[in-house]
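Can you keep this structure in mind? I'll have questions shortly.
The values are calculated or read from the model by the stated rules, or taken from the named source; none is laboratory data. Everything quoted here is computed from the prediction, not taken from an experiment. Heads up, the Cβs are rebuilt from the backbone with ideal geometry, glycines too, and the neighbour counts pull from every protein chain shown. The area values use the complete protein model at the heavy-atom level, side chains included, leaving out ligands, DNA and RNA. Shrake-Rupley method; radii C 1.70, N 1.55, O 1.52, S 1.80 Å.
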2 protein chains.
Amino acid sequence: MKKYCYGICFLISVAINILFSIHLYVGDGPNQEISCRSSLTWSEKAAAEAEAVAAISCSGHGRAFLDGSISDGQPVCECYGCYSGTDCSELSPGCAADANSGDPIYLEPFWMQNAADTAVVISGWHRMSYEYADDPMMSPELDKYIRKLHSVAGNAITQDRYIVFGVGSSQLLSAAVYALSSQNSSSPSNVLASTPFYHLYKDQTRLFNSKNFVYRGDTNSWQTNNTDVIEFVTSPTNPGGELKKSVTGGKTIHDHAYFWPQFTPIPGPSDHDLMIFSLSKLTGHAGTRFGYVVYAVLASSFFQLSSVRWAIIKDKDVYDKVLNYIYLANAGISKDTQLRVLKVLKVAMKADGKPFFEFAYNQMSDRWNRLTSVFSKSTRFSIQPRHPLHCNFFHQTRQPSPAYAWVRCERQEDNDCAAVLKAGKIIGQSGSTLSAKDRYARLSLIKSQDDFELLMQRLTELVSLENHNIEMI
Amino acid sequence: MKKYCYGICFLISVAINILFSIHLYVGDGPNQEISCRSSLTWSEKAAAEAEAVAAISCSGHGRAFLDGSISDGQPVCECYGCYSGTDCSELSPGCAADANSGDPIYLEPFWMQNAADTAVVISGWHRMSYEYADDPMMSPELDKYIRKLHSVAGNAITQDRYIVFGVGSSQLLSAAVYALSSQNSSSPSNVLASTPFYHLYKDQTRLFNSKNFVYRGDTNSWQTNNTDVIEFVTSPTNPGGELKKSVTGGKTIHDHAYFWPQFTPIPGPSDHDLMIFSLSKLTGHAGTRFGYVVYAVLASSFFQLSSVRWAIIKDKDVYDKVLNYIYLANAGISKDTQLRVLKVLKVAMKADGKPFFEFAYNQMSDRWNRLTSVFSKSTRFSIQPRHPLHCNFFHQTRQPSPAYAWVRCERQEDNDCAAVLKAGKIIGQSGSTLSAKDRYARLSLIKSQDDFELLMQRLTELVSLENHNIEMI
């Protein structure tokens, strides 16, 4: 009997072991799914969607975006340079290198390398209100980080200064002119800039045909004796890339869009009355449309306006006017944008900004090395000379590495340089767009790597042809 | 010997049973972790961060956001109504109900209920370029969905019309005036609106002190014989909420910010030359700053401008001017914003918009039921009468449910109605802000539920006091 029991028990035990084995190695179905459920809930769908789109390869020569046109159930690849086709793998031979716009894709690789830190999940209910808790229009957190950024980069004084955000620096240029201009229609302010200059200065100022200010053109051609002058000072200049000072001694608007270590040596922090910065050129996020203006403090002021928010009397009149403009113009900028900018800037500032600014600077200086090498072989074309300066950020004397090449056609008959380049399959921006002579043309050096490689290829071909004395036009 | 073998085998088998049991119910450590790893990679950190912030409870009387000020390592709760404290659980007794601004938090619950569908993950490299592939400034996908939205809501004709996006409808109001105004400085356009009207019309128009247009005020006080007139037509009106037509017969800018089923019956699709819509009032996303203008087609036109993008000659001149304005003003709106708006609109349009518009309409009509009930007990205060109309969207005759109550103080001595309400701890917008008499005050009915409950409480108290004949002022 006992033997029989042992036999049964043994068989039962073996059977249990077999069941366990099956359970363990085949899986227990529902239990495994439960134990493998991600800890994310409502955000998981959006996250998976974003990763799926990011994984669309576009052959490394383009990018697909969440809101791209849909084809075959997924967003299409939007191709760089002369690539085309559904996966950007087809190279159109003989197509032109487009170096016209200052489209700053040159930093895209950095943001892709920092994907986890720079992604942001915006919920359906993110900041629906018109206002922040402590400010009607501007994120206090973002204001804080912008001040830290300037401290890290060492390129501007922000202490005791006001900051106002705008939809790209373009809006702030308008706002600044408005704020500084005469309130007396019979004696409007005269708006000036030094040639060559960014076309927006002229076009925007003329846009509203205001009684309060009038566009007068180049500083050189204007007598400034005791007249009401507002001067755009771009430093570094667009397109030359050199650091500049005011020439009129009037009221100034300093456009510092390019005053960052990747483009120019930083001799010291800028300390002017009104300084405009742009995210587009700093981090490459031109599509985000974010800029800001930093207002200096005047030790004494005519304008004593009471305000519950500031006890110190500074140049609040100017600040208030710009704020009013932005408010009336569009009630501040998108809060989604401000959140995204905050994310991006936090990453740019990590480790004192060294990884970010070194990446960006290496991109620009590599491109300039290649550019100068090609142009050194040409007498038909020249580019702007560069002068080394000490840089406080990189703690060394270095050349500028401007965002643009300012090409001059040296042959007498080549007085339309953009046309000459176009015949060589290079699209640049004509000098006259920057209110200079058409003997010059501007080439953008901040586009994608594919665009830059194509530009170098076409330039190399052009210079080779020159050196083989073959006329192209 | 055999018996001994059986014994050993049996013991071994039982030992294996025990090991399997331990393995199965305690877990196999590393294997379980591997099988539970989420399939997400770079987006997971951002998703987890967003969910953590969303989970901050704020006692249901406030909201924490990713970019809020940090306290104790996490963003602070930003409280609604009269709630305060770190978790918005403290109610400040006797604090005023703020019904001044049109801050549209009334739809927040809908977006929270649709969290998974409305979240959007924006990568660090999302659309860095200034331009879209097929358009310099505006997302073609978003354009497509806006047209679908109007088709679903049945409130505007978009076929053969142009759409331009702006940073909130406020920017588009400026752009529209600019586009329609005289190019002849000696004969500027006269800008008019019917009282009461949104203060921005006057303030913005005066902002630039342009030679091309001048603000003239109320339509009633203006002789319109053959003069160049630009009229703002708000329909439904702010604050009254009735549908309106042009009175001057001049050029019109129709502000349709409130022309949606939750606020008004939709008798049919609007078909005017220039119609402005705003995301703020439609979906509640005021912080996002997104609006758009729809341009009608004129069958014939003086202005034949060639453009490679449109073969049909319509009123492109107006379109081009607005586009130019937006471009010069700020080079288009943020592409992050456009992506977010696309996400939100797709959800709003699901199932022919029924879930969304029904939710929104129920919110508004419930609030109006309670409001009319309170005011029916008062002779000191009255609100605007409402007139039922047939609604094509809900297929029934229904009352309007405007975003605002337009309160009139009926007693002769109460000629500053906002002050009377303020003494009753209700903050409204004075009639003069809308260029009407101060005998009126505007109360916002589209704020958070907490804000509305507090408003109702204060109104009830006020009417009770009235009915007990206690003077408050």
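Among the residues of segment A:293-307, how many are modelled with pLDDT of 80 or more and open to solvent by 10 Å² or more (accessible area, probe 1.4 Å)? So that I can check it myself, show each step before the final result.
Quick first cut of segment A:293-307, residues modelled with pLDDT of 80 or more only: A:293-294.
Pick out the ones that are also open to solvent by 10 Å² or more (accessible area, probe 1.4 Å) and you get none.
The qualifying residues number 0.
Does A:G102 satisfy the criteria of being more than 20 Å from B:A64 (Cα to Cα), open to solvent by less than 20 Å² (accessible area, probe 1.4 Å), in a loop (DSSP other than H, G, I, E, B) and modelled with pLDDT under 95?
Yes; evaluated as a whole, the condition is true for this residue.
Here is a follow-up. So B:N184 passes all but one of these: (1) modelled with pLDDT of 90 or more; (2) surrounded by fewer than 20 Cβ atoms within 10 Å (Cβ to Cβ); (3) more than 10 Å from chain A (Cβ to nearest Cβ). Which condition number does it fail?
The failed condition is (1).
In segment A:274-290, which residues are more than 10 Å from every other protein chain (Cβ to nearest Cβ) and among the charged types (D, E, K, R)?
A:K281
Kindly check whether there is at least one residue in segment A:234-251 that is in contact with a Phe, Trp or Tyr (Cβ under 7 Å, 6 or more places away or on another chain), under 30 Å from B:V214 (Cβ atoms) and in contact (Cβ under 8 Å) with a residue 24 or more places away in the chain.
In the first step, residues of segment A:234-251 are kept if they are in contact with a Phe, Trp or Tyr (Cβ under 7 Å, 6 or more places away or on another chain); the result is A:234-236, A:238-241.
From what's left, under 30 Å from B:V214 (Cβ atoms): none.
No: zero hits.
Residues that are within 20 Å of the chain's Cα centre (by Cα) and charged (D, E, K, R): list the helices (runs of 4 or more DSSP H) wholly contained in segment A:106-192 that include at least 3 such residues.
Numbers: elements: A:108-113, A:115-118, A:140-153, A:168-180.
Where helices (runs of 4 or more DSSP H) fall fully within segment A:106-192 and carry at least 3 residues being within 20 Å of the chain's Cα centre (by Cα) and charged (D, E, K, R), they are A:140-153.
Right, another one. Tell me which of these A:Y83 doesn't satisfy, since it passes every other one: (1) open to solvent by 40 Å² or more (accessible area, probe 1.4 Å); (2) without any contact (Cβ under 8 Å) to a residue 40 or more places away in the chain.
(2)
Which pairs do you get when a residue that is in contact (Cβ under 8 Å) with a residue 24 or more places away in the chain, found in segment A:138-164, comes within reach of a residue that is open to solvent by 40 Å² or more (accessible area, probe 1.4 Å) and assigned to a loop (DSSP other than H, G, I, E, B), reach meaning Cβ atoms under 7 angstrom, with the pair 6+ apart or on two chains?
Taking only residues 6 or more apart or on different chains, the pairs are A:E141/B:S69; A:G154/A:P269; A:G154/A:N392; A:N155/A:P269; A:A156/A:P269; A:I157/A:P269; A:I157/A:D271.
A follow-up question, please. Quick one: what pairs do we get from segment A:41-54, first residue open to solvent by 60 Å² or more (accessible area, probe 1.4 Å), second in a helix (DSSP H, G or I), C-beta under 7 Å, 6+ apart or different chains?
Within 7 Å, the pairs are A:T41/B:E51; A:K45/B:A116.
Sticking with this one: Considering only segment A:202-249, how many residues are modelled with pLDDT of 80 or more and either within 14 Å of chain B (Cβ to nearest Cβ) or open to solvent by less than 30 Å² (accessible area, probe 1.4 Å) (or both)?
14
Go through (1) open to solvent by 30 Å² or more (accessible area, probe 1.4 Å); (2) in contact (Cβ under 8 Å) with a residue 40 or more places away in the chain; (3) of a type in the set (A, V, I, L, M, F, W, C) for A:A351 and report which single condition fails.
Result: A:A351 passes all but (2).
Kindly indicate the residue of segment B:38-67 that is of a type in the set (V, I, T) and more than 7 Å from every other protein chain (Cβ to nearest Cβ) and also farthest from A:T118 (Cα to Cα) among those meeting that condition. Talk me through it step by step, then tell me what you get.
Start the filter on segment B:38-67 by keeping residues that are of a type in the set (V, I, T), which leaves B:41, B:53, B:56.
Cutting the leftovers down to more than 7 Å from every other protein chain (Cβ to nearest Cβ) gives us B:53, B:56.
On the way: B:V53: 17, B:I56: 22 Å.
By that ranking, first place goes to B:I56.
If you don't mind, there's one more thing I want to ask. Take segment B:62-76 and flag every residue that is open to solvent by 20 Å² or more (accessible area, probe 1.4 Å) and either of a type in the set (S, T, N, Q) or assigned to a strand (DSSP E or B) (or both).
B:R63, B:S69, B:I70, B:S71, B:Q74
Considering each of B:R386, B:R367 in turn, give the residue that is open to solvent by less than 30 Å² (accessible area, probe 1.4 Å) and not aliphatic (A, V, I, L, M). Before you say what the answer is, go through the steps one by one.
Details: B:R386 fails: open to solvent by less than 30 Å² (accessible area, probe 1.4 Å).
Sole residue among the options that is open to solvent by less than 30 Å² (accessible area, probe 1.4 Å) and not aliphatic (A, V, I, L, M): B:R367.
Evaluate the following for A:S101: is it free of Cβ contacts under 8 Å to residues at least 40 places away in the same chain and of a type outside the set (V, I, T)?
Values: free of Cβ contacts under 8 Å to residues at least 40 places away in the same chain: no; of a type outside the set (V, I, T): yes.
Here the answer is no, as A:S101 does not meet what is asked.
Can you tell me which of B:P109, B:P140 is at pLDDT 95 or above and open to solvent by 40 Å² or more (accessible area, probe 1.4 Å)?
On the way: B:P140 fails: at pLDDT 95 or above.
Matching residue, one of B:P109, B:P140: B:P109.
Hey, another quick one. Pick from segment B:271-291 the residues that are open to solvent by less than 10 Å² (accessible area, probe 1.4 Å) and more than 18 Å from B:I105 (Cβ to Cβ): which of them is farthest from the chain's Cα centre (by Cα)?
B:L274
Within segment B:144-168, can you find the residues that are within 11 Å of another protein chain (Cβ to nearest Cβ) and either open to solvent by less than 40 Å² (accessible area, probe 1.4 Å) or not basic (K, R) (or both)?
Here is the first cut: in segment B:144-168, the ones within 11 Å of another protein chain (Cβ to nearest Cβ) are B:144-145, B:166-168.
Within segment B:144-168, B:Y145, B:G166, B:V167, B:G168 meet the criteria.
Here's another thing I want to ask about it. Looking at (1) in contact with a Leu (Cβ under 7 Å, 6 or more places away or on another chain); (2) free of Cβ contacts under 8 Å to residues at least 40 places away in the same chain; (3) aromatic (F, W, Y), which one does A:W125 not meet, given that it meets all the others?
(1)
B:K447 fails exactly one of the following numbered conditions: (1) out of contact with any Asp or Glu (no Cβ under 7 Å at 6 or more places or on another chain); (2) among the charged types (D, E, K, R); (3) farther than 18 Å from B:S92 by Cα; (4) in contact (Cβ under 8 Å) with a residue 60 or more places away in the chain. What is the number of that condition?
That leaves (1) as the condition not met.
Considering each residue of segment B:431-442, count those that are of a type outside the set (S, T, N, Q) and open to solvent by 30 Å² or more (accessible area, probe 1.4 Å), and give that number.
Summing the residues that are of a type outside the set (S, T, N, Q) and open to solvent by 30 Å² or more (accessible area, probe 1.4 Å) in segment B:431-442 gives 4.
For segment B:400-430: of the residues being touching a residue at least 40 places away in the same chain (Cβ under 8 Å) and of a type in the set (S, T, N, Q), which is least open to solvent (accessible area, probe 1.4 Å)?
Here the residue is B:S401.
Can you find even one residue in segment B:444-462 that is open to solvent by less than 10 Å² (accessible area, probe 1.4 Å) and over 21 Å from B:D103 (Cβ atoms)?
Yes, the conditions are met somewhere in segment B:444-462.
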